[in-house]
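Asker: One structure follows; several queries about it will come next.
The values are calculated or read from the model by the stated rules, or taken from the named source; none is laboratory data. Because the structure is a prediction, the values reported are computed rather than measured. Cβ: placed from backbone, ideal geometry, glycine included. Neighbour counts: every protein chain shown. The area values use the complete protein model at the heavy-atom level, side chains included, leaving out ligands, DNA and RNA. Shrake-Rupley method; radii C 1.70, N 1.55, O 1.52, S 1.80 Å.
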Amino acid sequence: MHFSMWSYPWDVQDQGVSAFADELRDRAGMNAVSLATSYHAGRFLQPRSPGQKAYFPEDGTVYFRPDAALWAGKAIRPLMARNVAERGDLLESLTRLRGETGLGVSCWTVCLHNSRLGGLHPGHVTRNAFGNANYYNLCPSSPAARDYVVTLVRDITTNYRPDMLELESPNFMGFAHEYHHEKDGVGLNAEDDFLLSLCFCEHCAARAREAGVPVEAARRTVARLIAALCERAVPEVQFPEFPAAGIDAFRGHPELHAFLAWRTEPVTTLIGEIKAAADPATRIVLIDLKDGWLGGVDLAAVGRLCDGAILCCYDATPEAVAEVIASGRAALGPGKFLGVGLRVFYPEVDGPDILVARVRAAIAAGAEGVNFYNYGLIPAPRLDWVRAAADAATET
């Protein structure tokens, strides 16, 4: 059974590698660490750090030393975080010390969610039906953005040889809560957010047209729907079957339905290219959510190309966790890794019992790994809750 905790480099560095490994292995019961190796901006309350209770990481940087030879001539290139220069290459240390720490190393890698790179390369970000840029999301249809992500994974896996690499956001992202200080006075509902997230950039339009998709007609339909939602006094549900019916909720708009059926193509093929470029010693898995189709993910198709998935069920009931994992196992098939992602945040987790119940439900439904979120963001006593959940998983 694979047990890991998502962790930030600065938290591990604040504790020291040896103390961190001892605590993660012996107190929390983990056998791996999922280290952030490419990450975005944020503001984090850091209860574990002795001196950095509030931390603001740099936006859109990587936490390893990029191989200059691999990146020569690339249109989009990574920026190494100051943390690496100032505090050392933690990824190198953790991979080198695997035998001593007893912890496998997984690279938690943010792919296309990058506001810094989006601002530098606006021609390669997703754009809504009005052509407005979403600077936080490089587009999976853009050749340059695809090359960036493929090279990123090649660099990490060939030069560091982690046991696993976790792909976060190799797909289209939603409209809400992806940037900073978002303002919404309309009160967008779920279908409104989805419509605003649909990308009609030049790269998507070209790929869709090549596939015979009526992309311009679909764009006009979405633009009308967005214009209408902006004029209502209060939000209204126009697609009552959304999201349960998937893309069939939009079957009354044939051009849009055809576009949505195509929309998985850039994501699926990108993940295939990532896997092909990666060192074969590293397992490549996708981090995804329930209803991954909203971001253009076809889990069954992706599962045929990579090594599996981690499905996040942060605040779900045990019954809902079981449903998500059972659906994931059916999509991936028996030969692929399937993990569940669980958060240890209060008040959604107010003690070990709910965490234990979620883990047991996931294992019974077919999960073979658990990732817990997040080492540095929770008080130390909650590591005991994580241990209780890990122990329960091995007893199941």
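Asker: Can we say ASP279 is open to solvent by 10 Å² or more (accessible area, probe 1.4 Å), in contact (Cβ under 8 Å) with a residue 40 or more places away in the chain and touching a Ser or Thr at 6+ places or on another chain (Cβ under 7 Å)?
Answerer: Values: open to solvent by 10 Å² or more (accessible area, probe 1.4 Å): yes; in contact (Cβ under 8 Å) with a residue 40 or more places away in the chain: yes; touching a Ser or Thr at 6+ places or on another chain (Cβ under 7 Å): yes.
The answer is yes for ASP279.
Asker: Out of curiosity, is GLY99 farther than 24 Å from ILE378 by Cα, at pLDDT 95 or above and touching a Phe, Trp or Tyr at 6+ places or on another chain (Cβ under 9 Å)? Give the steps one after another, and end with the answer.
Answerer: On the way: farther than 24 Å from ILE378 by Cα: yes; at pLDDT 95 or above: yes; touching a Phe, Trp or Tyr at 6+ places or on another chain (Cβ under 9 Å): no.
Considered against the rule, which asks whether it is farther than 24 Å from ILE378 by Cα, at pLDDT 95 or above and touching a Phe, Trp or Tyr at 6+ places or on another chain (Cβ under 9 Å), GLY99 comes out as no.
Asker: Pull up the range 320-372, narrow it to residues that are among the basic types (Lys, Arg) and in a helix (DSSP H, G or I), then point me to the one that is nearest to the chain's Cα centre (by Cα). Let's see the steps before the verdict.
Answerer: Of all residues in the range 320-372, those among the basic types (Lys, Arg) come to 329, 336, 343, 358, 360.
Still in the running and in a helix (DSSP H, G or I): 329, 358, 360.
On the way: ARG329: 19, ARG358: 20, ARG360: 23 Å.
Per the stated criteria, the residue is ARG329.
Asker: Scan the range 349-396 for residues that are open to solvent by 40 Å² or more (accessible area, probe 1.4 Å) and either at pLDDT below 95 or under 24 Å from ALA21 (Cβ atoms) (or both) and jot them down.
Answerer: Result: PRO352, GLU368, PRO379, PRO381, ARG382, ASP384, TRP385, ARG387, ASP391, THR394, GLU395, THR396.
Asker: Identify, please: which residue in the range 1-26 is of a type in the set (S, T, N, Q) and within 18 Å of ASP163 (Cβ to Cβ) and is, among those, surrounded by the fewest Cβ atoms within 10 Å (Cβ to Cβ)? Give the derivation first.
Answerer: Let us first name the residues in the range 1-26 that are of a type in the set (S, T, N, Q), namely 4, 7, 13, 15, 18.
Those left that are additionally within 18 Å of ASP163 (Cβ to Cβ): 4, 7.
Values: SER4: 29, SER7: 27.
Checked the range 1-26; the qualifying residue surrounded by the fewest Cβ atoms within 10 Å (Cβ to Cβ) is SER7.
Asker: Okay, next question. Residue check: is PHE259 surrounded by 15 or more Cβ atoms within 10 Å (Cβ to Cβ) and assigned to a loop (DSSP other than H, G, I, E, B)? Walk me through how you get there before you give the answer.
Answerer: Details: surrounded by 15 or more Cβ atoms within 10 Å (Cβ to Cβ): yes; assigned to a loop (DSSP other than H, G, I, E, B): no.
So PHE259 does not fit the description; no.
Asker: Taking the condition open to solvent by less than 60 Å² (accessible area, probe 1.4 Å) and either basic (Lys, Arg) or modelled with pLDDT of 95 or more (or both), does GLY29 pass?
Answerer: On the way: open to solvent by less than 60 Å² (accessible area, probe 1.4 Å): yes; either basic (Lys, Arg) or modelled with pLDDT of 95 or more (or both): yes.
For GLY29, the condition - open to solvent by less than 60 Å² (accessible area, probe 1.4 Å) and either basic (Lys, Arg) or modelled with pLDDT of 95 or more (or both) - is met.
Asker: Those residues that are in contact with a Ser or Thr (Cβ under 8 Å, 6 or more places away or on another chain), more than 23 Å from HIS124 (Cα to Cα) and not charged (D, E, K, R), I need them from the range 201-260; list them, please.
Answerer: Going through the range 201-260, the residues in contact with a Ser or Thr (Cβ under 8 Å, 6 or more places away or on another chain) turn out to be 201, 203-204, 206-207, 253, 255-256.
Add one more test, that the residue is more than 23 Å from HIS124 (Cα to Cα), and what stays is 253, 255.
Listed by number, the list holds a single entry, HIS253.
Asker: Separate question: Which count do you get for residues in the range 38-51 that are surrounded by fewer than 16 Cβ atoms within 10 Å (Cβ to Cβ), over 16 Å from VAL110 (Cβ atoms) and not basic (Lys, Arg)?
Answerer: Residues of the range 38-51 surrounded by fewer than 16 Cβ atoms within 10 Å (Cβ to Cβ): 42-43, 45, 47, 50-51.
Keeping just the survivors that are over 16 Å from VAL110 (Cβ atoms) gives 43, 45, 47, 50-51.
With not basic (Lys, Arg) added as a condition, the list becomes 45, 47, 50-51.
Counting residues in the range 38-51 that are surrounded by fewer than 16 Cβ atoms within 10 Å (Cβ to Cβ), over 16 Å from VAL110 (Cβ atoms) and not basic (Lys, Arg) gives 4.
Asker: Tell me the strands (runs of 3 or more DSSP E) entirely within the range 103-207 that contain at least 3 residues that are under 18 Å from the mean Cα position of the chain (by Cα). Explain how you work it out, then say what you get.
Answerer: Numbers: elements: 104-110, 125-127, 133-138, 164-168.
Filter on the range 103-207 gives 104-110, 133-138, 164-168.
Asker: For the subset of the range 1-54 comprising residues that are part of a strand (DSSP E or B) and among the hydroxyl-bearing types (Ser, Thr, Tyr), which member is farthest from ALA85 (Cα to Cα)?
Answerer: From the range 1-54, those part of a strand (DSSP E or B) are 2-7, 32-39, 44-45, 54; that's our starting set.
Then keep just the ones that are among the hydroxyl-bearing types (Ser, Thr, Tyr); that gives 4, 7, 34, 37-39.
On the way: SER4: 26, SER7: 19, SER34: 21, THR37: 14, SER38: 15, TYR39: 16 Å.
Here the answer is SER4.
Asker: Sticking with this structure for a sec: Determine if the range 323-337 includes at least one residue that is aromatic (Phe, Trp, Tyr), out of contact with any Asp or Glu (no Cβ under 8 Å at 6 or more places or on another chain) and within 30 Å of ALA380 (Cα to Cα).
Answerer: Start the filter on the range 323-337 by keeping residues that are aromatic (Phe, Trp, Tyr), which leaves 337.
Going one step further and asking which of them are out of contact with any Asp or Glu (no Cβ under 8 Å at 6 or more places or on another chain), we end up with none.
No, there is no match, as no residue in the range 323-337 is aromatic (Phe, Trp, Tyr), out of contact with any Asp or Glu (no Cβ under 8 Å at 6 or more places or on another chain) and within 30 Å of ALA380 (Cα to Cα).
Asker: Any idea which residue in the range 85-133 is surrounded by the fewest Cβ atoms within 10 Å (Cβ to Cβ), counting only those that are touching a Cys at 6+ places or on another chain (Cβ under 8 Å) and under 18 Å from LYS74 (Cα atoms)?
Answerer: Within the range 85-133, the match that is surrounded by the fewest Cβ atoms within 10 Å (Cβ to Cβ) is VAL125.
Asker: In the range 291-308, which residues are open to solvent by 30 Å² or more (accessible area, probe 1.4 Å), of a type outside the set (A, V, I, L, M) and under 16 Å from PHE337 (Cβ atoms)?
Answerer: Hits for the range 291-308 are ARG304, ASP307.
Asker: Here is a follow-up. Would you confirm, using the coordinates I've provided, whether ASP288 is within 16 Å of the chain's Cα centre (by Cα), closer than 27 Å to GLU168 by Cα, crowded, with 16+ Cβ neighbours inside 10 Å and not aromatic (Phe, Trp, Tyr)?
Answerer: yes
Asker: List pairs: first in the range 212-237 and under 19 Å from ALA190 (Cβ atoms) and outside any helix (DSSP H, G or I), second open to solvent by 20 Å² or more (accessible area, probe 1.4 Å) and of a type in the set (Val, Ile, Thr), Cβ under 9 Å, 6+ apart or cross-chain?
Answerer: Partner pairs satisfying both residue conditions: ARG232/VAL186; VAL234/VAL186; PRO235/VAL186.
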